[in-house]
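The values are calculated or read from the model by the stated rules, or taken from the named source; none is laboratory data. Computed from a predicted model, the values in this text were never measured in an experiment. As a convention, Cβ positions derive from the backbone with ideal geometry for all residues, glycine included, and neighbour counts pool all protein chains shown. Keep in mind that these areas ignore ligands, DNA and RNA; they rest on the heavy atoms of the full protein, side chains included. Shrake-Rupley method; radii C 1.70, N 1.55, O 1.52, S 1.80 Å.
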Amino acid sequence: GGYEDSFYRYLNAGLRVPFSTGTDWFMYDFSRCYARVEGELTPESWLAALRAGRTFITNGPLLELRVNGSEPGSTIDLANPAELRVEATARGRLDFGRLELVQNGRVIESTPARAADGHFKAKLAVSVSAAEPGWLATRTTTSAKNEYGPPLFAHTSAVYVTVARRTICREEDVRYLMGQLESARSAIAAKAQFDTDQQRQRVLQLYDQAVSNLRAKLSKE
(Lines give C-alpha, C1' and ligand atoms only; values in the text may rest on other atoms or scores of the structure.)
Protein backbone atom coordinates (compact mmCIF):
# COMPACT_ATOMS: atom_id res chain seq x y z
CA GLY A 1 0.00 0.00 0.00
CA GLY A 2 0.86 3.67 0.04
CA TYR A 3 -0.23 6.90 1.66
CA GLU A 4 -3.50 6.96 -0.28
CA ASP A 5 -4.71 3.65 1.16
CA SER A 6 -3.38 4.21 4.64
CA PHE A 7 -3.07 7.65 6.20
CA TYR A 8 -5.13 9.55 3.63
CA ARG A 9 -8.16 7.30 4.07
CA TYR A 10 -8.25 8.04 7.80
CA LEU A 11 -7.72 11.77 7.35
CA ASN A 12 -10.42 12.03 4.67
CA ALA A 13 -12.81 10.18 6.98
CA GLY A 14 -12.28 12.92 9.55
CA LEU A 15 -10.04 10.88 11.86
CA ARG A 16 -7.02 12.70 13.26
CA VAL A 17 -4.11 10.32 12.85
CA PRO A 18 -0.53 11.48 13.54
CA PHE A 19 2.02 10.12 11.10
CA SER A 20 4.48 7.69 12.67
CA THR A 21 6.89 5.01 11.49
CA GLY A 22 9.81 2.89 12.60
CA THR A 23 12.18 0.09 11.62
CA ASP A 24 9.30 -2.38 11.16
CA TRP A 25 6.96 -0.10 9.23
CA PHE A 26 4.52 -1.62 6.77
CA MET A 27 5.71 0.45 3.80
CA TYR A 28 9.47 0.98 4.10
CA ASP A 29 12.20 -0.07 6.51
CA PHE A 30 14.95 2.09 8.05
CA SER A 31 12.49 4.94 8.59
CA ARG A 32 12.15 7.34 11.50
CA CYS A 33 9.55 9.58 13.13
CA TYR A 34 10.64 13.01 14.41
CA ALA A 35 8.47 14.85 16.92
CA ARG A 36 8.74 18.43 18.19
CA VAL A 37 8.83 18.16 21.96
CA GLU A 38 7.65 20.90 24.30
CA GLY A 39 9.87 21.33 27.35
CA GLU A 40 12.31 18.68 28.53
CA LEU A 41 12.88 15.66 26.30
CA THR A 42 11.54 12.58 28.07
CA PRO A 43 9.75 9.45 26.83
CA GLU A 44 6.49 11.00 28.07
CA SER A 45 7.03 14.37 26.34
CA TRP A 46 8.02 12.66 23.09
CA LEU A 47 4.91 10.47 23.15
CA ALA A 48 2.78 13.54 23.92
CA ALA A 49 4.25 15.26 20.85
CA LEU A 50 3.48 12.15 18.78
CA ARG A 51 -0.13 12.05 20.01
CA ALA A 52 -0.47 15.76 19.22
CA GLY A 53 0.72 15.15 15.65
CA ARG A 54 3.76 17.44 15.81
CA THR A 55 5.65 14.97 13.65
CA PHE A 56 7.13 14.08 10.31
CA ILE A 57 8.30 10.69 9.07
CA THR A 58 11.36 10.18 6.89
CA ASN A 59 14.25 7.98 5.83
CA GLY A 60 16.32 10.97 4.79
CA PRO A 61 14.84 14.45 4.10
CA LEU A 62 13.93 16.79 6.97
CA LEU A 63 10.65 18.72 6.68
CA GLU A 64 9.13 21.87 8.15
CA LEU A 65 5.54 23.06 7.61
CA ARG A 66 3.50 26.04 8.75
CA VAL A 67 -0.05 26.91 7.70
CA ASN A 68 -1.05 30.41 8.82
CA GLY A 69 1.81 30.01 11.28
CA SER A 70 0.43 26.75 12.71
CA GLU A 71 2.47 23.53 12.79
CA PRO A 72 1.40 19.94 12.02
CA GLY A 73 -1.12 18.63 14.52
CA SER A 74 -2.79 22.04 14.82
CA THR A 75 -6.34 22.90 13.83
CA ILE A 76 -7.24 26.06 11.92
CA ASP A 77 -10.86 27.00 12.57
CA LEU A 78 -12.42 29.09 9.81
CA ALA A 79 -15.84 30.70 10.07
CA ASN A 80 -16.04 30.80 6.26
CA PRO A 81 -13.94 29.64 3.29
CA ALA A 82 -10.68 31.57 3.19
CA GLU A 83 -7.14 31.71 1.84
CA LEU A 84 -4.41 30.06 3.89
CA ARG A 85 -0.71 30.90 3.78
CA VAL A 86 1.52 27.83 3.54
CA GLU A 87 5.28 27.87 4.12
CA ALA A 88 7.21 24.62 3.82
CA THR A 89 10.82 23.52 3.46
CA ALA A 90 12.66 20.26 2.85
CA ARG A 91 16.38 19.56 3.24
CA GLY A 92 18.39 16.40 2.63
CA ARG A 93 21.78 14.91 1.87
CA LEU A 94 20.40 13.21 -1.25
CA ASP A 95 18.27 14.56 -4.08
CA PHE A 96 14.72 13.96 -2.81
CA GLY A 97 13.06 14.91 -6.12
CA ARG A 98 10.20 17.24 -5.28
CA LEU A 99 8.60 18.85 -2.27
CA GLU A 100 4.81 18.53 -2.63
CA LEU A 101 1.90 20.17 -0.82
CA VAL A 102 -1.03 17.78 -0.31
CA GLN A 103 -4.59 18.97 0.35
CA ASN A 104 -7.20 16.33 1.20
CA GLY A 105 -5.09 13.67 -0.50
CA ARG A 106 -4.35 15.61 -3.69
CA VAL A 107 -1.07 17.31 -4.64
CA ILE A 108 -1.85 20.96 -5.29
CA GLU A 109 1.63 22.54 -5.37
CA SER A 110 5.18 21.27 -5.83
CA THR A 111 8.72 22.46 -6.35
CA PRO A 112 11.92 20.60 -7.28
CA ALA A 113 14.84 19.97 -4.95
CA ARG A 114 17.93 22.01 -5.79
CA ALA A 115 21.57 21.50 -4.85
CA ALA A 116 22.92 24.09 -2.41
CA ASP A 117 26.00 24.08 -0.14
CA GLY A 118 26.60 20.35 -0.38
CA HIS A 119 23.00 19.24 0.17
CA PHE A 120 19.57 19.55 -1.45
CA LYS A 121 16.71 21.81 -0.44
CA ALA A 122 13.29 22.99 -1.58
CA LYS A 123 10.90 25.68 -0.37
CA LEU A 124 7.23 26.46 -0.92
CA ALA A 125 5.50 29.71 0.02
CA VAL A 126 2.00 29.78 -1.43
CA SER A 127 -1.58 30.78 -0.71
CA VAL A 128 -4.14 27.97 -0.72
CA SER A 129 -7.91 28.19 -0.95
CA ALA A 130 -9.76 26.41 1.88
CA ALA A 131 -13.25 26.26 0.39
CA GLU A 132 -14.20 23.19 2.45
CA PRO A 133 -13.04 21.36 5.57
CA GLY A 134 -9.92 19.25 5.18
CA TRP A 135 -6.24 18.94 5.90
CA LEU A 136 -2.86 19.95 4.54
CA ALA A 137 0.51 18.22 4.68
CA THR A 138 3.79 18.09 2.76
CA ARG A 139 5.80 15.20 1.41
CA THR A 140 8.75 14.47 -0.85
CA THR A 141 8.40 12.34 -3.99
CA THR A 142 11.21 10.67 -5.96
CA SER A 143 12.23 7.36 -7.49
CA ALA A 144 15.68 7.68 -5.87
CA LYS A 145 16.72 5.47 -2.95
CA ASN A 146 18.47 6.26 0.30
CA GLU A 147 21.81 4.85 1.46
CA TYR A 148 20.18 1.60 2.65
CA GLY A 149 18.27 0.90 -0.57
CA PRO A 150 14.59 1.73 0.19
CA PRO A 151 12.85 4.50 -1.81
CA LEU A 152 13.62 7.93 -0.37
CA PHE A 153 10.59 9.53 1.32
CA ALA A 154 9.37 12.05 3.90
CA HIS A 155 5.89 13.17 4.98
CA THR A 156 4.57 15.53 7.64
CA SER A 157 1.54 14.96 9.80
CA ALA A 158 -1.49 17.04 8.86
CA VAL A 159 -2.62 20.54 9.71
CA TYR A 160 -6.41 20.26 10.06
CA VAL A 161 -8.87 22.82 8.73
CA THR A 162 -12.48 23.19 9.85
CA VAL A 163 -14.99 25.48 8.12
CA ALA A 164 -18.07 26.67 10.03
CA ARG A 165 -17.28 23.96 12.64
CA ARG A 166 -17.42 21.22 10.03
CA THR A 167 -14.64 18.65 9.58
CA ILE A 168 -13.91 16.65 6.46
CA CYS A 169 -15.89 13.42 6.09
CA ARG A 170 -15.75 11.75 2.69
CA GLU A 171 -18.25 8.94 2.33
CA GLU A 172 -16.04 6.87 0.02
CA ASP A 173 -13.23 6.75 2.58
CA VAL A 174 -15.55 6.11 5.54
CA ARG A 175 -17.12 3.16 3.72
CA TYR A 176 -13.68 1.84 2.74
CA LEU A 177 -12.61 1.81 6.40
CA MET A 178 -15.87 0.21 7.44
CA GLY A 179 -15.26 -2.53 4.89
CA GLN A 180 -11.77 -3.13 6.24
CA LEU A 181 -13.11 -3.42 9.78
CA GLU A 182 -15.93 -5.76 8.81
CA SER A 183 -13.55 -8.00 6.85
CA ALA A 184 -11.14 -8.18 9.78
CA ARG A 185 -13.97 -8.90 12.21
CA SER A 186 -15.21 -11.76 10.03
CA ALA A 187 -11.71 -13.26 9.87
CA ILE A 188 -11.29 -13.00 13.65
CA ALA A 189 -14.69 -14.54 14.33
CA ALA A 190 -13.94 -17.44 11.97
CA LYS A 191 -10.28 -18.18 12.68
CA ALA A 192 -9.00 -16.56 15.89
CA GLN A 193 -8.50 -18.60 19.05
CA PHE A 194 -9.12 -17.22 22.54
CA ASP A 195 -8.77 -18.61 26.03
CA THR A 196 -12.32 -17.61 26.95
CA ASP A 197 -15.54 -16.50 25.30
CA GLN A 198 -15.27 -13.24 27.22
CA GLN A 199 -11.96 -12.45 25.50
CA ARG A 200 -13.52 -13.15 22.11
CA GLN A 201 -16.46 -10.88 22.84
CA ARG A 202 -14.23 -8.02 24.04
CA VAL A 203 -12.21 -8.10 20.81
CA LEU A 204 -15.25 -8.39 18.54
CA GLN A 205 -16.99 -5.59 20.43
CA LEU A 206 -14.06 -3.30 19.67
CA TYR A 207 -14.65 -3.86 15.95
CA ASP A 208 -18.40 -3.42 16.36
CA GLN A 209 -17.88 -0.13 18.16
CA ALA A 210 -15.45 1.11 15.50
CA VAL A 211 -17.93 0.32 12.71
CA SER A 212 -20.69 2.02 14.70
CA ASN A 213 -18.55 5.13 15.16
CA LEU A 214 -17.87 5.35 11.43
CA ARG A 215 -21.52 4.77 10.57
CA ALA A 216 -22.43 7.64 12.92
CA LYS A 217 -20.15 9.91 10.88
CA LEU A 218 -22.16 9.15 7.75
CA SER A 219 -25.44 9.84 9.49
CA LYS A 220 -24.25 13.36 10.37
CA GLU A 221 -23.53 14.26 6.78
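For region 143-187, the set of residues classified as of a type in the set (Ser, Thr, Tyr) and in contact (Cβ under 8 Å) with a residue 24 or more places away in the chain consists of 143, 148, 156, 157, 160, 162, 167, 176, listed by residue number. Evaluation of residue 60 against the conditions (1) modelled with pLDDT of 95 or more; (2) not in a strand (DSSP E or B) shows that the sole unmet condition is (1). Does residue 191 satisfy the condition of being closer than 27 Å to residue 50 by Cβ and surrounded by fewer than 18 Cβ atoms within 10 Å (Cβ to Cβ)? Answer is no for this residue. From the list 17, 67, the lone residue that is touching a helix residue (DSSP H, G or I) at 6+ places or on another chain (Cβ under 7 Å) and β-branched (Val, Ile, Thr) is 17. Only residues that are touching a helix residue (DSSP H, G or I) at 6+ places or on another chain (Cβ under 7 Å), among the small types (Gly, Ala, Ser) and part of a helix (DSSP H, G or I) were counted in region 158-199, giving 2. Would it be correct to say that residue 23 is closer than 22 Å to residue 153 by Cα, out of contact with any Phe, Trp or Tyr (no Cβ under 6 Å at 6 or more places or on another chain) and surrounded by fewer than 17 Cβ atoms within 10 Å (Cβ to Cβ)? The answer is yes for residue 23. Among the residues examined, residue 113 qualifies as open to solvent by less than 70 Å² (accessible area, probe 1.4 Å), in contact with a Lys or Arg (Cβ under 7 Å, 6 or more places away or on another chain), under 18 Å from residue 63 (Cβ atoms) and not basic (Lys, Arg).
Yes or no: region 20-35 includes at least one residue that is touching a helix residue (DSSP H, G or I) at 6+ places or on another chain (Cβ under 9 Å), assigned to a loop (DSSP other than H, G, I, E, B) and of a type outside the set (Ser, Thr, Tyr). Walk me through how you get there before you give the answer.
Here is the first cut: in region 20-35, the residues touching a helix residue (DSSP H, G or I) at 6+ places or on another chain (Cβ under 9 Å) are 20, 27, 33, 35.
Narrowing the set further to residues that are assigned to a loop (DSSP other than H, G, I, E, B) leaves 20, 27.
When the remaining residues are screened for being of a type outside the set (Ser, Thr, Tyr), the result is 27.
Checked region 20-35: at least one residue is touching a helix residue (DSSP H, G or I) at 6+ places or on another chain (Cβ under 9 Å), assigned to a loop (DSSP other than H, G, I, E, B) and of a type outside the set (Ser, Thr, Tyr).
Answer yes or no: is there a residue in region 50-66 that is open to solvent by less than 70 Å² (accessible area, probe 1.4 Å), without any contact (Cβ under 8 Å) to a residue 40 or more places away in the chain, more than 20 Å from residue 2 (Cβ to Cβ) and not β-branched (Val, Ile, Thr). Please lay out each step first, then the result.
The initial filter retains those residues of region 50-66 that are open to solvent by less than 70 Å² (accessible area, probe 1.4 Å), namely 50, 52-61, 63, 65.
If we keep only those that are without any contact (Cβ under 8 Å) to a residue 40 or more places away in the chain too, we end up with 50, 52.
Adding the requirement that they be more than 20 Å from residue 2 (Cβ to Cβ) leaves 50, 52.
Filter again for not β-branched (Val, Ile, Thr), leaving 50, 52.
Yes, there is a match, as at least one residue in region 50-66 is open to solvent by less than 70 Å² (accessible area, probe 1.4 Å), without any contact (Cβ under 8 Å) to a residue 40 or more places away in the chain, more than 20 Å from residue 2 (Cβ to Cβ) and not β-branched (Val, Ile, Thr).
Looking at this structure, is residue 126 open to solvent by 20 Å² or more (accessible area, probe 1.4 Å) and β-branched (Val, Ile, Thr)? Reasoning before the result, please.
Numbers: open to solvent by 20 Å² or more (accessible area, probe 1.4 Å): yes; β-branched (Val, Ile, Thr): yes.
Taking the combined requirement at face value, the residue satisfies it.
Here the condition is being among the basic types (Lys, Arg), under 17 Å from residue 8 (Cα atoms) and crowded, with 17+ Cβ neighbours inside 10 Å; of 106, 139, it holds for 139 alone.
Filter region 35-45 for residues that are surrounded by fewer than 18 Cβ atoms within 10 Å (Cβ to Cβ) and either in contact (Cβ under 8 Å) with a residue 40 or more places away in the chain or closer than 22 Å to residue 11 by Cα (or both) and give the result. Walk me through how you get there before you give the answer.
In the first step, residues of region 35-45 are kept if they are surrounded by fewer than 18 Cβ atoms within 10 Å (Cβ to Cβ); the result is 36-45.
Within region 35-45, just 36 meets the criteria.
Filtering region 63-93 down to residues that are over 27 Å from residue 110 (Cβ atoms) and either in a strand (DSSP E or B) or of a type in the set (Gly, Ala, Ser) (or both), which residue is farthest from the chain's Cα centre (by Cα)? Within region 63-93, the match that is farthest from the chain's Cα centre (by Cα) is 79. Taken over region 204-213, the criterion of being surrounded by 14 or more Cβ atoms within 10 Å (Cβ to Cβ) and hydrophobic (A, V, I, L, M, F, W, C) is satisfied by 204, 210, 211. Restricting 206, 214 to residues that are closer than 16 Å to residue 15 by Cβ, within 21 Å of the chain's Cα centre (by Cα) and modelled with pLDDT of 95 or more narrows the list to 214. Flag not set for residue 136, criterion: under 22 Å from residue 3 (Cα atoms) and in a helix (DSSP H, G or I).
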